[in-house]
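Engineer: Here's a structure for you.
The values are calculated or read from the model by the stated rules, or taken from the named source; none is laboratory data. Predicted model only: the values in this text are computed from it and were never measured. Using ideal geometry, Cβ is built from the backbone for each residue, glycine included, and neighbour counts are taken over all protein chains shown.
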Protein chains: 2
Amino acid sequence: MKHFTKQRMFTPGPTPLLPEALLQSVITPLNHRKDDFKSLLRDIQRDLRSVFKTKNDVLLLSCSGSGAMEAALTNLVAPGEKALIAVAGKFGERWLELAEKYGVRIVPIRISYGESFDPVQISETLAGDPEIGAVFLQALETSTGALMDVEKIGKLVKQRRPDAVLVVDAITALGTMPLETDAWGLDVVIGGSQKAFMLPPGLAMLSVSQNAWTRIERCARPRYYFDLLREREAQRGGQTAFTPSISLIQGLRSALALMLQDGIDRFTANAALQAGATRAAAAAWGVSLFPKRPGDAVTALVAPAGVEPSKIISIMRQKFGAMISGGQGSMKGKIIRIGHLGYFDFLETLGMIGCLELALSEAGAGVEIGSGSRAALEFYLNIARREP
Amino acid sequence: MKHFTKQRMFTPGPTPLLPEALLQSVITPLNHRKDDFKSLLRDIQRDLRSVFKTKNDVLLLSCSGSGAMEAALTNLVAPGEKALIAVAGKFGERWLELAEKYGVRIVPIRISYGESFDPVQISETLAGDPEIGAVFLQALETSTGALMDVEKIGKLVKQRRPDAVLVVDAITALGTMPLETDAWGLDVVIGGSQKAFMLPPGLAMLSVSQNAWTRIERCARPRYYFDLLREREAQRGGQTAFTPSISLIQGLRSALALMLQDGIDRFTANAALQAGATRAAAAAWGVSLFPKRPGDAVTALVAPAGVEPSKIISIMRQKFGAMISGGQGSMKGKIIRIGHLGYFDFLETLGMIGCLELALSEAGAGVEIGSGSRAALEFYLNIARREP
């Protein structure tokens with residue numbers, strides 16, 4: 001067929017890049033040991049606190065999100081100490097792998113892919129074992145799209161075990177859901193540049209509460225590049241301990257400006273519009289959502305019986321230039337995943353929905369042509385009626 | 001409503017910019033009096049000949065399309081000489097204005113906005129008046145979306161008056177329709193960077209046949225910046241007569257690479273897909289096409305009774321970030337126009353169609369929600385069945 005396509009990211013990371021942030025990241029030469037970097041870093045720290053809704057330090061680490069996960073674990077838990085690891089999918093399993101590598105005594109809470117944690121179970125487990133010093137979990141499990149009730153978990157943990165440290169991987173969640181670091185009592189919250197921050201990968205953010213600092217200060221374990229105490233000292237002074245990803249930090253200023261332009265709540269609500277329209281379409285097609293309690297960052301859909309997810313993904317890429325994802329871990333070959341993180345708008349979500357309908361149909365799903373688009377348009381109209 | 005939009009061009013010029021062309025236009029410092037510019041210009045001349053389908057000179061002029069129109073007229077027609085000016089809309093009126101300013105004796109052929117010329121009328125008029133030395137017309141009248149039968153006009157003119165020069169403003173048409181400069185006998189064909197060439201405005205292209213050069217060589221009229229003989233001499237030597245728009249010329253190389261990647265016919269067919277999908281939606285809405293014989297560069301739609309075009313345009317911009325155009329000249333307030341020139345793909349056309357449906361509905365048109373998207377998807381499937 002005689003046409004061409006533009007390559008577009010609809011994966012739950014990396015995500016569409018913000019052009020003005022990309023330009024900022026290359027346009028001004030900046031040396032990280034000069035005063036203008038200090039002033040840039042201070043602006044960014046202020047804005048990150050607004051995004052994280054915290055008064056805590058928010059440190060930048062030049063690594064992917066997994067590096068910040070490693071930093072959290074190795075700074076908080078010494079060898080032989082106990083940690084509760086909550087596992088609901090591939091990224092929960094990453095916490096497990098890290099804890100195993102670093103000789104942590106693991107108290108696991110495992111639930112099936114697609115499920116969300118029971119906050120009471122987490123707080124009870126913690127209350128029942130005073131040796132557990134830290135809890136590690138995801139705010140939203142990227143591999144399944146399942147949202148966790150971080151507010152309730154945070155509040156129950158603070159109630160039952162105020163000394164324990166709650167570590168939340170919010171890499172996919174940040175910027176796509178209301179997230180109240182201080183009000184919910186989240187000690188460490190982790191974000192990554194390649195998600196709702198609309199930047200290339202390579203920069204992670206990590207907020208650290210006083211409660212967490214106390215534990216980090218007495219945690220005996222060798223660490224170097226990921227030494228958060230050293231980073232705290234440097235970054236409180238407007239510096240970084242090591243050469244940082246300067247260009248990404250320059251881009252981050254522009255990304256934060258967009259995220260905070262009309263308040264972070266408006267920015268996260270944008271993901272809800274894209275997710276809601278996509279799910280309205282799925283309902284019209286009779287295609288099920290995979291997670292019981294889906295968050296707005298990712299829509300994970302169960303492939304209809306007899307339809308190969310890899311075929312849907314390949315048609316989307318080859319015929320429409322749209323990159324979507326398949327399942328990870330035990331969900332490989334069973335689901336497809338679509339990201340709504342960051343820089344998406346309704347026009348392209350509508351276009352993606354129409355193309356997904358054609359791809360589903362070609363891959364063998366019995367979908368009524370036009371039904372998904374109509375449902376997405378009606379979803380928009382319903383919201384517009386409520387919030388003009 | 002809590003969401004944001006990306007600004008997108010769906011106007012019939014300027015059009016969406018090609019990112020790799022923009023980067024090329026700024027990344028390498030280039031001096032137009034050095035050898036590497038010569039080699040760039042030679043590559044571009046070769047590729048432009050493929051786009052124009054000609055062995056003629058294709059000159060670059062650093063100006064908008066209107067500058068190239070002026071160059072054509074002032075180089076071909078001396079004061080007091082006669083020219084046939086064919087007028088079907090605002091850009092035909094521009095030929096008239098130019099001819100009046102420069103003391104040309106005008107033989108006008110005027111048709112209503114939305115109509116296309118009768119090739120026989122043009123050739124008969126020409127045959128009946130041997131004093132007419134040149135014919136000026138549009139291949140596609142941007143203000144109405146009407147396509148002219150340039151093939152038939154060209155062939156009839158060559159048959160009846162081989163000495164006359166046929167000048168075709170193809171600024172909007174080039175890259176959106178098959179256009180055979182040599183095979184159809186088109187003496188001068190004009191293009192502009194801000195249309196299907198996917199670049200910012202500021203650069204025009206103009207092909208000149210031997211027949212046209214003969215007339216230009218004997219045309220007595222002062223001209224300086226737009227002296228095509230001086231440009232011919234310079235550009236045959238890999239130079240330009242004056243400082244050219246260097247960055248746009250650098251970008252043009254990338255744009256031409258995309259246009260010729262799978263052959264220019266495939267590139268123009270892409271516009272046909274976008275136009276066809278948009279028109280299928282319009283038919284489903286019961287909204288009429290304005291021109292009798294629409295080209296694929298622009299879809300001009302008659303606003304439904306009681307619906308203000310300016311309201312549709314404003315909703316598209318304010319709520320969905322999509323820029324579309326209204327009518328020009330006598331069509332102001334009566335039609336809306338949507339461009340399909342250059343860098344568009346099906347995903348965003350689908351998204352635009354869904355948003356246009358919402359905008360029409362909000363502006364008071366009785367459209368069935370989802371009907372346009374469904375028609376566009378079915379249009380795609382019909383083409384895909386024919387040309388897999």
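Engineer: Can you spot a residue in region A:305-314 that is touching a Leu at 6+ places or on another chain (Cβ under 8 Å) and farther than 20 Å from A:Q194 by Cβ?
Structural biologist: The answer is yes, given that some residue of region A:305-314 is touching a Leu at 6+ places or on another chain (Cβ under 8 Å) and farther than 20 Å from A:Q194 by Cβ.
Engineer: With respect to A:D47, determine if the residue is of a type in the set (D, E), crowded, with 18+ Cβ neighbours inside 10 Å and either in contact with an Asp or Glu (Cβ under 6 Å, 6 or more places away or on another chain) or not assigned by TED's automatic domain parsing to the domain that holds A:M331 (or both).
Structural biologist: When the stated conditions are applied, A:D47 passes them.
Engineer: Name the single residue, out of those in region A:178-201 being surrounded by fewer than 19 Cβ atoms within 10 Å (Cβ to Cβ) and not acidic (D, E), that is farthest from A:G103 (Cα to Cα).
Structural biologist: Here is the first cut: in region A:178-201, the residues surrounded by fewer than 19 Cβ atoms within 10 Å (Cβ to Cβ) are A:178, A:180, A:182-183, A:200-201.
Within this subset, residues satisfying the condition of being not acidic (D, E) are A:178, A:183, A:200-201.
Working: A:P178: 34, A:A183: 32, A:P200: 32, A:P201: 29 Å.
Across region A:178-201, the extreme among qualifying residues is A:P178.
Engineer: Restricting attention to region B:251-260, and to residues there that are buried (at least 23 other Cβ atoms within 10 Å of the Cβ) and away from chain A (no Cβ under 14 Å), which single residue is farthest from the chain's Cα centre (by Cα)?
Structural biologist: The selected residue is B:G251.
Engineer: Also: Scan region A:217-264 residue by residue and report those that are of a type in the set (D, E) and at pLDDT 95 or above. Lay out the reasoning, then the answer.
Structural biologist: Filtering region A:217-264 for residues of a type in the set (D, E) gives A:217, A:227, A:231, A:233, A:262.
Answer for region A:217-264, where residues must be of a type in the set (D, E) and at pLDDT 95 or above: A:E217, A:D227, A:E231, A:E233.
Engineer: Next question, about the same structure. Does A:K55 fit the bill of being at pLDDT below 95 and either basic (K, R) or touching a helix residue (DSSP H, G or I) at 6+ places or on another chain (Cβ under 8 Å) (or both)?
Structural biologist: no
Engineer: In region B:344-365, how many are out of contact with any Phe, Trp or Tyr (no Cβ under 9 Å at 6 or more places or on another chain), on the phi < 0 side of the Ramachandran plot and of a type outside the set (V, I, T)? Don't jump to the end; show me each part of the working.
Structural biologist: Residues of region B:344-365 out of contact with any Phe, Trp or Tyr (no Cβ under 9 Å at 6 or more places or on another chain): B:353, B:361-364.
Now drop any that are not on the phi < 0 side of the Ramachandran plot, which leaves B:353, B:361-363.
Right, trim to of a type outside the set (V, I, T) and you get B:361-363.
Number of matching residues: 3.
Engineer: Another question about this same structure. Would you confirm whether or not region A:1-14 contains a residue that is within 25 Å of A:P178 (Cα to Cα) and within 14 Å of another protein chain (Cβ to nearest Cβ)?
Structural biologist: Within region A:1-14, one or more residues are within 25 Å of A:P178 (Cα to Cα) and within 14 Å of another protein chain (Cβ to nearest Cβ).
Engineer: Of everything in region A:365-380 that's more than 7 Å from chain B (Cβ to nearest Cβ) and under 15 Å from B:A376 (Cα atoms), which residue is nearest to the chain's Cα centre (by Cα)?
Structural biologist: By that ranking, first place goes to A:G372.
Engineer: With a cut-off of at least 3 residues that are touching a Lys or Arg at 6+ places or on another chain (Cβ under 9 Å), name the strands (runs of 3 or more DSSP E) lying wholly within region A:154-258.
Structural biologist: Passing ranges, in order: A:165-169.
Engineer: Only residues that are buried (at least 24 other Cβ atoms within 10 Å of the Cβ) and facing chain B (nearest Cβ under 9 Å): list them for region A:331-346, please. Before you say what the answer is, go through the steps one by one.
Structural biologist: Just the residues of region A:331-346 that are buried (at least 24 other Cβ atoms within 10 Å of the Cβ), to begin with: A:335-342, A:344, A:346.
Result: A:F344, A:F346.
Engineer: Scanning region B:81-105 for residues that are in contact with a Leu (Cβ under 9 Å, 6 or more places away or on another chain) and small (G, A, S), which turns out farthest from B:D163 (Cα to Cα)?
Structural biologist: Among residues in region B:81-105 that are in contact with a Leu (Cβ under 9 Å, 6 or more places away or on another chain) and small (G, A, S), the one farthest from B:D163 (Cα to Cα) is B:A88.
Engineer: Oh, and also: Mind listing whichever residues of region A:334-363 are touching a Gly at 6+ places or on another chain (Cβ under 8 Å) and in a strand (DSSP E or B)?
Structural biologist: If the condition is that a residue be touching a Gly at 6+ places or on another chain (Cβ under 8 Å) and in a strand (DSSP E or B), then A:I335, A:I336, A:R337, A:G339 are the ones that fit.
Engineer: Moving to a separate point now. Yes or no: A:K2 surrounded by fewer than 18 Cβ atoms within 10 Å (Cβ to Cβ), in contact with a helix residue (DSSP H, G or I) (Cβ under 6 Å, 6 or more places away or on another chain) and under 30 Å from B:A271 (Cα atoms)?
Structural biologist: Taking the combined requirement at face value, the residue satisfies it.
Engineer: Out of the residues in region A:304-333 that are free of Cβ contacts under 8 Å to residues at least 40 places away in the same chain and in a loop (DSSP other than H, G, I, E, B), which is farthest from the chain's Cα centre (by Cα)?
Structural biologist: In this case the residue turns out to be A:A305.
Engineer: Additional query: I'd like to know if region B:347-364 contains one or more residues that are crowded, with 24+ Cβ neighbours inside 10 Å and over 23 Å from A:I353 (Cβ atoms).
Structural biologist: no
Engineer: Which is assigned by TED's automatic domain parsing to the domain that holds A:G192, free of Cβ contacts under 8 Å to residues at least 40 places away in the same chain, within 21 Å of A:A220 (Cβ to Cβ) and not in a loop (DSSP other than H, G, I, E, B), of A:I122, A:I106? Before the answer, list the steps.
Structural biologist: Numbers: A:I122 fails: within 21 Å of A:A220 (Cβ to Cβ).
Among A:I122, A:I106, only A:I106 is assigned by TED's automatic domain parsing to the domain that holds A:G192, free of Cβ contacts under 8 Å to residues at least 40 places away in the same chain, within 21 Å of A:A220 (Cβ to Cβ) and not in a loop (DSSP other than H, G, I, E, B).
Engineer: From (1) among the polar types (S, T, N, Q); (2) within 13 Å of another protein chain (Cβ to nearest Cβ); (3) buried (at least 19 other Cβ atoms within 10 Å of the Cβ), pick out the condition that doesn't hold for B:S325.
Structural biologist: Failed condition: (2).
Engineer: While we're here: I'd like the full set of residues that are over 20 Å from B:I171 (Cβ atoms) and either surrounded by 22 or more Cβ atoms within 10 Å (Cβ to Cβ) or of a type in the set (A, V, I, L, M, F, W, C) (or both), limited to region B:222-239.
Structural biologist: Within region B:222-239, B:L229, B:A234 meet the criteria.
Engineer: Sticking with this one: Consider B:F37 carefully, then state whether it is farther than 27 Å from B:P222 by Cα, surrounded by 19 or more Cβ atoms within 10 Å (Cβ to Cβ), of a type outside the set (S, T, N, Q) and within 14 Å of another protein chain (Cβ to nearest Cβ).
Structural biologist: no
Engineer: To continue, here is another question. Exactly one condition in (1) within 16 Å of B:F52 (Cβ to Cβ); (2) crowded, with 17+ Cβ neighbours inside 10 Å is not met by B:C219; state its number.
Structural biologist: (1) is the only condition that B:C219 fails.
Engineer: Ok, one more. For region A:261-307, what are the residues that are among the basic types (K, R) and away from chain B (no Cβ under 11 Å)?
Structural biologist: A:R279, A:K292, A:R293
Engineer: Out of (1) touching a Lys or Arg at 6+ places or on another chain (Cβ under 9 Å); (2) closer than 25 Å to B:M352 by Cα; (3) of a type in the set (S, T, Y), the odd one out for A:S314 is which?
Structural biologist: (1) is the only condition that A:S314 fails.
Engineer: Follow-up. Could you look through region A:216-250, keep only residues that are of a type in the set (S, T, Y) and within 27 Å of A:H340 (Cα to Cα), and pick out the one that is nearest to the other protein chains (Cβ to nearest Cβ)?
Structural biologist: Residue satisfying both the conditions and the ranking: A:S247.
Engineer: Do we find that B:R223 is out of contact with any Phe, Trp or Tyr (no Cβ under 7 Å at 6 or more places or on another chain), of a type outside the set (V, I, T), free of Cβ contacts under 8 Å to residues at least 12 places away in the same chain and within 24 Å of B:L186 (Cβ to Cβ) in this structure?
Structural biologist: The answer is no for B:R223.
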